[in-house]
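One structure is given here, and the rest of the page talks about it.
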Amino acid sequence: MTFRHLLLLLLCLAPRALAQGLPELGDSAQAGFSALEERRLGEEIMREVRTDRAYYDDAEATDYINSLGNRLASKGSASRQDFQFFVMQDRQINAFALPGGYVGVNSGLILAAQSESEVASVIAHEVAHVTQRHIARIIDQQKHSMVMSLAALAVAVLAARSNPEVSNAALVLGQAGGIQNMLNFTREHEREADRVGLQILESAGYDPRAMPVFFERLQRATRVYEGGAPSYLRTHPMTHDRIADIQNRLDRLPYKQVPDTTEFQLVRAKLRVELDAPADARTFFEQSLAERRFLSEAASRYGLVASLVRLKDYARATSEYESLRRSAPAHPMIATLGCRIRTAAGETESALECYREARRSHPQHRALTYDYADLLVQAGRPDAALEVIAERLKSFTEDHRLYLLQARAYALQGKRLAQHRATGEAYARMGNITGAVEQMRIAVRSGDGDFYQRSAAEARLRELRRLDEAQRKEKDRR
């Protein structure tokens, strides 16, 4: 998400917000900057986020962070707030909440945490920012400010969540005093997010003591980070008083030890393999195994195998995978990795059989479906790929990746109408309605397909055009 995109987005929002006038926001505030408007703003920002190269669209990491996040969010509020959690492939230790229930977590934060409860403590804090509607309160607080000030302030607050340097850029827009006041106002909400987040963490079954432990470790490590502090502490200023307040609340709670899940350990290993150079990752996991310095032996072996695959050392990867499989409990991420070794080594038939067997054991694991369908397309078997995709789409109609795979399979069959219609459906689910209209227009003009297929494509084109026009009018009103 670039500073330019976010600035333009919020400049569009500001005039409408000021023109309408925003009421005081309290616990029952539903007017003014409404929850619906907040969600729409979040969707617009997310369209930009998804185009960022750091956006980590990995099925296994995304499913894990959403499983963890939704477990917390279910304890967060009586309101029916929808949440969507995502991972940014970024070494900086940070997490951030966007309007409308979107919560991002940097891979650097997951790697810096020493337990799953520590990651959960940060996400619970961000969930609290959303359930308490802090962003809406911030905008309401500045309802009497100039349009430029409101936009700049909103940029500073939202952008600081994901990139402190962007917030610094906003400070030079000529509104430095007002922006600083706004940032100070957000700090007033940190205590509330601490309190509510702690309740969420404890209610969801995680170790609430992980929150001050993680914050204290970040504070002790500030001298090793460029700029004096990890990004999370720069965007969520932590004071000794706040940590002491958290500790005081914890004194009333009984101690409980919460073990990490296998998913947490495997996802951490996967993220390290993706972030580090392949040779560095291999060395890290080799040393951790040799010196018995790990939180999970299975995760370290998983990381070693994954790094060997990236290095194209398939023979050793296969050997190490057998050690992993014998020593670790059955898990879909481990099964998927085994199939990926065979795929990367060019053993197509063996890989296909591996995916078929793994999917029988783990039918709901998204990565297995994506990989299997993708390999079928690569192997020139579009009919089989389409069967796999169609079965999954019965239950997951909003999965844009399934439609993209479907489009590739139709392209192999030479079915241009079906190919572009599937691409259009993928774009629509990614929030790119204008692109979806263009793809559906190409589908209608493709010249193939039967009467019913053409009629369905034309009807969908009309529907998408209406939606695209409505969005354009909405933007013009802003």
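The values are calculated or read from the model by the stated rules, or taken from the named source; none is laboratory data. These numbers come from a predicted model, not from an experiment. All Cβ positions, glycine included, derive from the backbone under ideal geometry; neighbour counts span all protein chains shown.
Could you please find all residues in segment 243-294 being among the basic types (Lys, Arg), closer than 17 Å to residue 111 by Cβ and either outside any helix (DSSP H, G or I) or in contact (Cβ under 8 Å) with a residue 40 or more places away in the chain (or both)?
The initial filter retains those residues of segment 243-294 that are among the basic types (Lys, Arg), namely 249, 252, 256, 268, 270, 272, 282, 292-293.
Add one more test, that the residue is closer than 17 Å to residue 111 by Cβ, and what stays is 268, 270, 272, 282, 293.
Once the filter is applied, which keeps residues that are among the basic types (Lys, Arg), closer than 17 Å to residue 111 by Cβ and either outside any helix (DSSP H, G or I) or in contact (Cβ under 8 Å) with a residue 40 or more places away in the chain (or both), segment 243-294 yields 268, 270, 272, 293.
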* What residue, among those in segment 433-449 that are surrounded by 19 or more Cβ atoms within 10 Å (Cβ to Cβ), in contact (Cβ under 8 Å) with a residue 24 or more places away in the chain and within 27 Å of the chain's Cα centre (by Cα), is farthest from residue 46 (Cα to Cα)? -> 437
* To do: Have a look at 390, 407, 385 and point out the one that is surrounded by fewer than 20 Cβ atoms within 10 Å (Cβ to Cβ) and either basic (Lys, Arg) or closer than 24 Å to residue 351 by Cα (or both).
  => 390
* **Tally, over segment 388-432, of residues that are in contact (Cβ under 8 Å) with a residue 60 or more places away in the chain and basic (Lys, Arg)** => 1
* Structure fact -> (1) modelled with pLDDT under 95; (2) under 15 Å from residue 309 (Cβ atoms) all hold for residue 329 apart from (2)
* To do: Taking only segment 188-215 into account, find how many residues are buried (at least 21 other Cβ atoms within 10 Å of the Cβ), of a type in the set (D, E, K, R) and either farther than 13 Å from residue 131 by Cα or touching a strand residue (DSSP E or B) at 6+ places or on another chain (Cβ under 7 Å) (or both).
  => 2
* Please identify the pairs in which a residue from segment 331-345 that is farther than 14 Å from residue 301 by Cβ has its Cβ atom under 9 Å from the Cβ atom of a residue that is part of a helix (DSSP H, G or I) and of a type in the set (Val, Ile, Thr), counting only partners at least 6 apart or on another chain. => 340/309; 342/318; 342/348; 344/309; 345/309; 345/318
* Of the residues 326, 342, which single one is over 27 Å from residue 88 (Cα atoms) and either touching a Lys or Arg at 6+ places or on another chain (Cβ under 8 Å) or surrounded by fewer than 18 Cβ atoms within 10 Å (Cβ to Cβ) (or both)? -> 326
